[in-house]
Each structure stands twice: as structure tokens, then as C-alpha cells.
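A.B. asks: I'd like to ask you about the structure that follows.
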Amino acid sequence: MSFIKTTEEDSYYNHLEKMSLSELIYNINKEDQTVALAVKKSIPKITALTKQIVKKIVNGGRLFYIGAGTSGRLGILDASECPPTFGVSHNLVIGLIAGGDSAIRKAVEFAEDSKEQGWKDLNEYKISEKDIVVGIAASGTTPYVISALEKCNEHKILTGCITCNKNSTLSKIVKFPIEVIVGPEFVTGSSRMKAGTAQKMVLNIISTSTMIQLGKVKGNKMVDMQLSNDKLVERGTKMVAKELKINKSDAAILLKTHGSVRNAIQNYNKCQ
């Protein structure tokens, strides 16, 4: 009888310290190549959760990610990249991590073991039934995340999760679970590796698909991106010039005047 191994079980490899550098790199990459296929198997579940996220945001709600350690940092990373990439408010996608902002850089001991703090952290944002909360935990056993989502369920707040173990406690308590089964890590239990990669891939899919569904992309361009540095201004200028079939100098003036690629294109078209 076969069974699915968890991220915490013994690695498929042993005596890592005896491997050459090239062997280590080759074998880590070999394991990494399995992650995208594991994510592919979860596409129906990813689709189901993303559909709910879009629906909640369209109706005035927000998306919350909540996690601990690597999982929490990945949620914060994804949330923090939505405003500059898609021009949305910083209050639309919010990432929370056990231990607070200081845990983004340094591990906060035992923060993930709290059964009260997750719900307190969510309540700082006056969370309501309009919102949706996605718990991120590689093992699916993190008390900080599980207890917060249990409270969400009690308050009729829609819940989802991203985990890398089958039938975990976290998966069982949420309405829309995503389980990306990556198996044992190259270094036993080091879930920042394959599990972290899988979670990052799923978060990319969720946030990008959501923003496209919300109309934040035109064609294949980030027309609402924030013009926060010279590189992005240059990119935006090229986008305007190409879309409107005008020279770069005129495109740069339009972009500076109207503040975004979308507004520059729309205002130019109105004047024609």
C-alpha cells in the first residue's frame, strides 16, 4: 500500500555532507523540477479559491494572507507587490505574519504557537464577512494560522489555505483548501525549499489571475503599475508609445501628465 510522504519526513537523500558541490546543486535542482508538476495537479483547487477571491474583492472585500516563518514572509511578499505592479491600494491585499513585522527579517521564537494572536492580528484590520482569508502553512499544523481561521469560520468569514501536506488540520477546517504535495525536502524538514517554492508559485498564480480578472492588465501589459522608478517610467513610456503609435518624447509627456499608462492612453484617445 502506497502513501504520500510529508514535507517533514526523511529526505530521499542522505549523507549530504559527503556530496560534492556539483552533486548538491544538481540534486537540489532535480527536486525543484518536481514542484511545478505538483502545482499543476492543484489547478482545480487554485481556480476554485481564486474565483472566490475575485468575487469578494469585486464586492468591496479584501484578501488577507496569514502565515508564520517562510510561509508568512511569502504572503507578505505577494501582498506587498500588488500595489506597485497593479496600482491597487495597499489595503486590498494584506499579508500577516506570526510575530509581527519584525518576524519578516528575524525569526520570532514561538510566535507561530500562539492560538490567540492570529485572530487579534486580523481584527486590527476590522475584518468582516466581506473579506477572505488564506492561511499559508507548509505543514498545515501551525497553531497561529489554524486558530485564526477557526475564528474566521465562526464569524462567517470565507477561508482558504495553501499547504504542502495531504489532509492536514489546516486543510480540513477551511472552505477552499489548496494542497500542493511536494514530498520530503532535500534537507529533511526544511520547508523553505520545495514547499516554499510551491507556495510562491501558487501565490503568483492567485494574485496575478485575480488582478487580470479585475481589469488591471490590458493585453499583456501592467497598465496600472506605479511609476516609482526610472526603469518603470521608461517601460511605461514604451508601452504608451507602442499602443498609441506615437514617438517616445510625446509618450513621455503624456505619461508624466496623466500619471499612469492607462490614463495616458485613455486621455489621448478622448482627444482624438
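The values are calculated or read from the model by the stated rules, or taken from the named source; none is laboratory data. Since we're looking at a predicted model, the values are computed, not measured. Neighbour counts are summed over all protein chains in view; Cβ atoms, including those assigned to glycine, are modelled from backbone coordinates with ideal geometry.
A.B. asks: When you check PRO177 against the structure, is it in the same structural domain as PRO84 (by TED's automatic domain parsing) and either under 17 Å from PRO84 (Cβ atoms) or touching a Gly at 6+ places or on another chain (Cβ under 9 Å) (or both), yes or no?
C.D. replies: Values: in the same structural domain as PRO84 (by TED's automatic domain parsing): yes; either under 17 Å from PRO84 (Cβ atoms) or touching a Gly at 6+ places or on another chain (Cβ under 9 Å) (or both): yes.
Yes.
A.B. asks: Among the residues of the stretch 157-164, are any surrounded by 20 or more Cβ atoms within 10 Å (Cβ to Cβ), free of Cβ contacts under 8 Å to residues at least 40 places away in the same chain, within 19 Å of ASP32 (Cα to Cα) and not hydrophobic (A, V, I, L, M, F, W, C)?
C.D. replies: Here is the first cut: in the stretch 157-164, the residues surrounded by 20 or more Cβ atoms within 10 Å (Cβ to Cβ) are 157-164.
Filter again for free of Cβ contacts under 8 Å to residues at least 40 places away in the same chain, leaving 157, 159, 161, 163.
Narrowing further to those that are within 19 Å of ASP32 (Cα to Cα): 163.
Filter once more, so that each one left must be not hydrophobic (A, V, I, L, M, F, W, C): 163.
Yes; the residues of the stretch 157-164 include at least one that is surrounded by 20 or more Cβ atoms within 10 Å (Cβ to Cβ), free of Cβ contacts under 8 Å to residues at least 40 places away in the same chain, within 19 Å of ASP32 (Cα to Cα) and not hydrophobic (A, V, I, L, M, F, W, C).
A.B. asks: Can you tell me which residue in the stretch 39-82 is farthest from ALA137 (Cα to Cα), limited to those that are in contact (Cβ under 8 Å) with a residue 60 or more places away in the chain and charged (D, E, K, R)?
C.D. replies: Here the residue is LYS56.
A.B. asks: Yes or no: the stretch 115-134 includes at least one residue that is surrounded by fewer than 22 Cβ atoms within 10 Å (Cβ to Cβ) and either of a type in the set (A, V, I, L, M, F, W, C) or closer than 30 Å to GLY219 by Cβ (or both).
C.D. replies: yes
A.B. asks: Quick check on the stretch 209-222. Is at least one of its residues surrounded by 19 or more Cβ atoms within 10 Å (Cβ to Cβ), more than 23 Å from TYR268 (Cβ to Cβ) and either of a type outside the set (Phe, Trp, Tyr) or in the same structural domain as PRO84 (by TED's automatic domain parsing) (or both)?
C.D. replies: yes
A.B. asks: A further question follows. Just to verify a result, which residue in the stretch 135-151, among those that are surrounded by 19 or more Cβ atoms within 10 Å (Cβ to Cβ) and among the β-branched types (Val, Ile, Thr), is nearest to the chain's Cα centre (by Cα)?
C.D. replies: For the stretch 135-151, the residue satisfying everything is ILE136.
A.B. asks: Read through the list (1) at pLDDT 90 or above; (2) over 13 Å from THR85 (Cα atoms); (3) in contact with a helix residue (DSSP H, G or I) (Cβ under 9 Å, 6 or more places away or on another chain), then give the number of the only condition that LEU232 fails.
C.D. replies: With (1) at pLDDT 90 or above; (2) over 13 Å from THR85 (Cα atoms); (3) in contact with a helix residue (DSSP H, G or I) (Cβ under 9 Å, 6 or more places away or on another chain) applied to LEU232, the lone miss is (2).
A.B. asks: Select the helices (runs of 4 or more DSSP H) contained entirely in the stretch 1-107, then report the ones holding at least 2 residues which are surrounded by fewer than 14 Cβ atoms within 10 Å (Cβ to Cβ), among the hydroxyl-bearing types (Ser, Thr, Tyr) and modelled with pLDDT of 95 or more. Quick ask: steps written out before the conclusion?
C.D. replies: On the way: elements: 21-32, 35-41, 43-58, 69-86.
Hits in the stretch 1-107: 21-32.
A.B. asks: Same structure, new question: In the stretch 219-241, what residues are within 20 Å of SER209 (Cβ to Cβ), free of Cβ contacts under 8 Å to residues at least 40 places away in the same chain and of a type outside the set (Gly, Ala, Ser)?
C.D. replies: Answer for the stretch 219-241, where residues must be within 20 Å of SER209 (Cβ to Cβ), free of Cβ contacts under 8 Å to residues at least 40 places away in the same chain and of a type outside the set (Gly, Ala, Ser): just ASN220.
A.B. asks: Anything in the stretch 127-174 that is within 19 Å of MET193 (Cα to Cα) and either in contact with a helix residue (DSSP H, G or I) (Cβ under 6 Å, 6 or more places away or on another chain) or not assigned by TED's automatic domain parsing to the domain that holds SER191 (or both)? List them, or say none.
C.D. replies: Correct list: GLY135, ILE136, ALA137, ALA138, GLY140, THR141, THR142, CYS161, ILE162, THR163, CYS164.
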